[in-house]
Each structure stands twice: as structure tokens, then as C-alpha cells.
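The structure appears right after this line, and notes come after that.
Every number in this text was worked out from the coordinates using simple rules, so none of it is lab data. All values reported here derive from a predicted model rather than from experimental measurement. Ideal geometry is used to build each Cβ from the backbone, glycine not excepted, and the neighbour counts take in all protein chains shown.
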Amino acid sequence: MDIHDNILNAEGALIVGAGLAGLFCALKLAPRPVTVLSPKPLGFGASSAWAQAGVAAAVGEGDNPHLHAVDTETAGAGIVDDQVAEHVAAEAAARIEDLARWGTPFDRDAEGHYQLSKEAAHSMSRVVRVSGDRAGRAIMTALIEKVRQTRSIRIVEGITAVDLARADGRVIGVWCRKLGDRYSEPVMIRARATVLAAGGLGGLYAVTTNPPGVRGHAMGMAARAGALIADPEFVQFHPTAMAVGIDPAPLATEALRGEGAILVNDRGERFMEAVHPDAELAPRDIVARANFREIKAGRKVFLDTRQALGARILDEFPTVARYCAEAGIDPVTEMIPVTPAAHYHMGGVKVNELGRSSMAGLWVCGEASCTGLHGANRLASNSLLEAVVYAARIAEDISGLEAVKTGLPPFAGIGWDEAEGEAVEERLRNLDAVRDLRAVMTDLVGVERDAAGLSEALRRIAELEATAQKVTRSYLNMTVSATLVAAAALKRTESRGGHFRTDYPEPDPAFAAHTDMTLEEALAIRAEAGGVEPPVSATVLA
Ligand SMILES: Cc1cc2nc3c(=O)[nH]c(=O)nc-3n(C[C@H](O)[C@H](O)[C@H](O)COP(=O)(O)OP(=O)(O)OC[C@H]3O[C@@H](n4cnc5c(N)ncnc54)[C@H](O)[C@@H]3O)c2cc1C
């Protein structure tokens, strides 16, 4: 290990984030050396471990990758890259085999064929699953075991990246903070290839299904370093997060509606039948907006699984059953209160078919990236698929840079400490600046948007950035991501997929294209909206 003051050498590729994208990429790189950074112990802090339904793949009888691609394009509302959809769908079966080979116990029938779930907007049952609703946890458990056995993978827990490090116009690693170390200078970890796999931004919203650490840090960091961002305005709101006063909101998976569960309001009306011919299985954005409007009109919304599943929910959806039990709800006899919640980010750091960003030395993978697969609206269960497909491609692309080497020594003095970790999380949860930012996003950049609200959001984000008592790089990554989402949403004067403008409620063919945006452009839109403007870099105090 090479230490000069606060500089460490990864001695190989560096992967920032330990969700499915990061771990899959690390395993694909083996036996080439790789260092994986994780703010928490492996398995914690990642959306991947919370995924319930599974991975979309055309592996069932009568299905084929082209049909999968067509469903992906239809869900994406006119701006999915057709080639990307075709290629990702075609690679799905091979990546599922990788996951199975590395120990994921997918549900299978007596003949060994995958048992498949059906989710909204899929024309077939196409979602490979584990024990009903435990796909994410099971996949991550299998991969973590494999990663821990792989000597070429160095895992560093208790560390958070706050900035990309650059030299001579390329990314040369990241600046990081060790757990609990708020005062000394960040540590730099140098690498020839940096893979940003630090997740999406759901946690920027007050009502979200994402883990607390998934708050737009990846996109913010990359945008601040100058990377091109694509489609930041497209956020998917899941219609059925459980409204039980828990932050983050536990998810009641869409597969429940696939099994026949229905949505009713507190007047007992099944309102989705009047909204869309597919009723509860309409595309996610439509169901989310219908739920949002019921709630906005002062009514409550419930997911009723009683008739469709009865007591089967306890065995077939153990995760949902556990969440219900924790909230004091018996889903066999009671309905589950639900609400829309920020769930998935279709946009992110723009990458090409190899996962390369616009910056040399930086690859981006998983929810942090925008590959063009999801367009304006992600087809259910396509995100885990995208994560593994691009993780494999990135590993292949960068493996030429790395010599085979096993047995990387640990980084001394960096690690996870349970008590310290909880204290940091608690402190972050209670920071006024974070709470206020999340409220702005849910209230003004949420399920329904308009010009006045988005302009107000941009002003408030600028104000928060300028007045937060101590603006850390970490907070700046959040406000920058929030700015990109709100600015692009203001610029897109139409409605499409997950982006709905009450002042422009129809799609406009003139906008049937991806948004490409730099931080500079987003800041210009913010300034035009009247935001207080110290240049972002000047607001960094720590
Ligand atoms: C409740 C829930 C259910 C879902 N169900 C499904 C499903 O059934 N099928 C499907 O396809 N998709 C599903 N999704 C979406 C899917 O889980 C995610 O899109 C996918 O897991 C993203 O993987 P990732 O590896 O990119 O990010 P994550 O799994 O979120 O991992 C991000 C990693 O980066 C780390 N990190 C964050 N910030 C930093 C930083 N600054 N420095 C270093 N590390 C950092 C995190 O700690 C974490 O380790 C679901 C999402 C949620 C929240």
C-alpha cells in the first residue's frame, strides 16, 4: 500500500458503491485487482438489497428479448434508445446465469425452469424472483459471500466518496471521508479506472423507498466534476409505498397487484378502473398519479390484498408481511395504507454502451448512470438487469488496463464502527438543511410539477446551499442533484413518463428526446429562476 499523507493507491480499479452494480462489476473484474468503497458494511445502505420483485429477463416459454425490448420502449414513453433496449434484453439470460452460478437461489419449478412473476407493463410473466419478494436480499447475500472469498477484491467499509479527483483532464480517483471523520482533510484514493456505482437519488425526497444514504451523491459528484448528465428530470414514483409513518417508506411490491390486489380509497371506491383499461396494472406513473390525486383530494388510499391473496401473502410475500407486522397491520384481514414515493431515477450520469462517461477515466454503472434504457419511465425490474449488464461490460472494458494480481492488503485505519455509524446517520437525519431539501423536492419537484413550483424549488435549493450553516461537499452533491432534477423539469415543458407538468399535461413531439445537461446549464436555469447565486464551488466549506 502506498500512503503519502492522505493519498492511498487502489493498485487497480476503484469502485465507488457496493450495491449490485458495484459488486457485480468487482466479481467480473476478478482476478484483476479492485477496491470497492462502501459507506456501510456490505449489504447495508444499498437499494439493491431492498429490491423485492426481481430481475426482468425473457427466459420464459413464448418470450424473447425483442418482446422485452418492445415493452421497455413502450414504458419509456418515446425516448428509450432502441438499440440499448435490444442489447440489454438480449444479454439478460447470460447475466441471470452469472447470478445463479454465483449462488442466487432463484425460484424454479420441478423441472428447474425459472418461476416468473408478472409486473405492470410487461406483456408476459418475465421477472426472475427469489422466495416471492426476496430477490434483492438473496442476490446480495450470494454476491457478498462470493466477494468476501475473492482475494483480488479489497473491500473498504466506513468510507464515503465526496468528490472525484482529477488531473490532466481525466478522473484519477476519488476524495473520501472516513466514517466519523468530520474535521481532517478528505483522503484521496487514486486509481487508473474509477467506476461510480453509488446509486440513485430517491432519498433526496421526503417520501421515498430508498435507503437514507442514496441521495444523489453520485450524480452530484460527477456533475460537479464536469460530467454530462442525462434525463435528470425523470424520477419514478412508486405508487404503493406503505404510508405507515416510517422513513424510508417500506414498499408494497407491484407483484401484489400482479397477483390481483386492488387499490381502493377510504370511500371503498376502486378508482383505477376509471383511470386506465389495465386498472391497477397500468404503467407505474399513471397509478402513482391516480394515488397522488386521491390523496391530494383529501382521501386515503389502500392496497387491498385480502381477496386476491388472503393468508398466502404471509408465505409468498414475506418481506411485505414483515413490514405490515412492524406497522401493526394484519394484511390477511386489513388493507394496507399506501402513498406514492420517490423510488427510482431514470436519469443520471450519461454513459455510452461501454459504461464510459463523458470524462476520461470515469465509468458509471447502475442507478447512478443513464444508459438510455429507461427513457422517461423504467419498466419494472429492468434496473437490476441494467446494473448487471453494464457492470459486466464495464469490467470487460477496463480489464485491459489491469494486471492480474491477488491479495490486496487492507487500508489501515479505515473501517466500520456500528456506534459511530448510527450516530452519523442520526445526525444526518436530523440536519435541518437535509430535512428542508427533502421537503422541497417532495412538495415542488414531485409527482406533479408546474413552472411556478419548480422555480420556487430552484430558489429554495439555492438558498439552502447558501445559508446551510456548514456546507459540506456531501450536502453540495445533494443540492447539485436536486438542482439538476428541478432545472431539467422546468426546461421540459411537456408531460412524458415519470415527468408530469400540470401546466403542460400532454406530451409534445418537440421534446421526444433525451435531455443532456451540464451543471453549468442547470445553474444558469436556477439563476434565471431567481436563485441566490454564489458559484457552487465557492460555497464549499468542508
Ligand atoms: C424498495 C426497492 C425495491 C426495488 N425493487 C426492484 C426490483 O424488484 N427490481 C429491480 O430491477 N429494481 C428494483 N428496485 C431498484 C433497484 O433496486 C436499484 O435501481 C438498484 O438496486 C440500484 O443498484 P446500484 O448498485 O446502482 O445502487 P444501490 O444498490 O443503491 O447501491 C449504491 C451503493 O453506493 C453506496 N454509496 C452511496 N453514496 C456513496 C458515496 N458517496 N460514496 C461511496 N458509496 C456510496 C451505497 O451505500 C451503496 O452501497 C427497487 C428499489 C427499491 C428502493
Where in region 218-243 is the amide nitrogen less than 19 Å from a point lying 7 Å along the Cα-to-Cβ axis of THR518?
-> 219-233
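How long is the gain from ARG170 to LYS491 if the chain were fully straight, where each residue apart is worth 0.36 nm and the alpha carbon distance is subtracted?
On the way: separation 321, 0.36 × 321 = 115.56 nm, distance 2.98 nm.
Full-extension gain reported as 112.6 nm.
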Rounded to whole Hz and in sequence order, give me ³J(HN,Hα) for region 37-50 from the Karplus expression 6.51 cos²θ - 1.76 cosθ + 1.60, θ = phi - 60°, writing x for Gly and Pro.
-> 9, 9, x, 10, x, 3, x, 10, x, 10, 4, 3, 6, 9
Just subtract the alpha-carbon distance of ASP82 and GLU61 from 0.36 nm times their residue separation and send over the number in nm, one decimal.
-> 5.2 nm
When TYR205, TYR390, TYR504 are ordered from fewest to most other Cβ atoms inside 10 Å of their Cβ, what list results?
-> TYR504, TYR205, TYR390
Scan around ILE155 for amide H atoms under 5 Å from its own, H built in the peptide plane at 1.01 Å from N, and keep only partners 5 or more places away or cross-chain.
-> VAL36
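Run the numbers on region 37-111 and let me know its relative contact order in percent, using alpha-carbon pairs under 8 Å that are six or more apart. The partial results should precede the final answer.
Working: 38 pairs, mean separation 18.4, N = 75.
Computed value for region 37-111: 25 percent relative contact order.
Take every Cα pair under 8 Å in the chain that's 6+ residues apart, average their separations, divide by the length, and report that relative contact order as a whole percent.
Values: 1286 pairs, mean separation 116.1, N = 542.
21 percent.
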Counting helices only, and only those DSSP H runs with n ≥ 4, report the 222 nm mean residue ellipticity of the chain as the sum of -39,500 (n - 2.57) divided by its residues, in deg cm²/dmol to the nearest 500.
-> -11000 deg cm²/dmol
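Taking Cα pairs under 8 Å and at least six residues apart, what relative contact order does region 187-264 come out at, in percent? Walk me through the numbers before you get to the answer.
Values: 68 pairs, mean separation 19.0, N = 78.
Answer for region 187-264 is 24 percent.
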Under 11 Å from the 7 Å Cα→Cβ point of ARG148, by amide nitrogen: which residues of region 17-47?
-> 42-43
Furthest towards positive pole of dipole, ASN210, ASN265, GLY22, structure part the chain, Cβ charges | GLY22
Using a cut-off of 16 Å between alpha-carbon atoms, which lysines can reach LYS178, once sequence neighbours fewer than 8 places away in the same chain are excluded?
-> LYS40
For the chain, the dipole about the Cα centre with charges only on Cβ (Lys and Arg +1, Asp and Glu -1), to the nearest 20 debye, works out at 1040 debye
Mind ranking 30-40, 257-267 by how tightly packed they are, going by the mean number of other C-beta atoms within 10 angstrom, highest first?
-> 30-40, 257-267
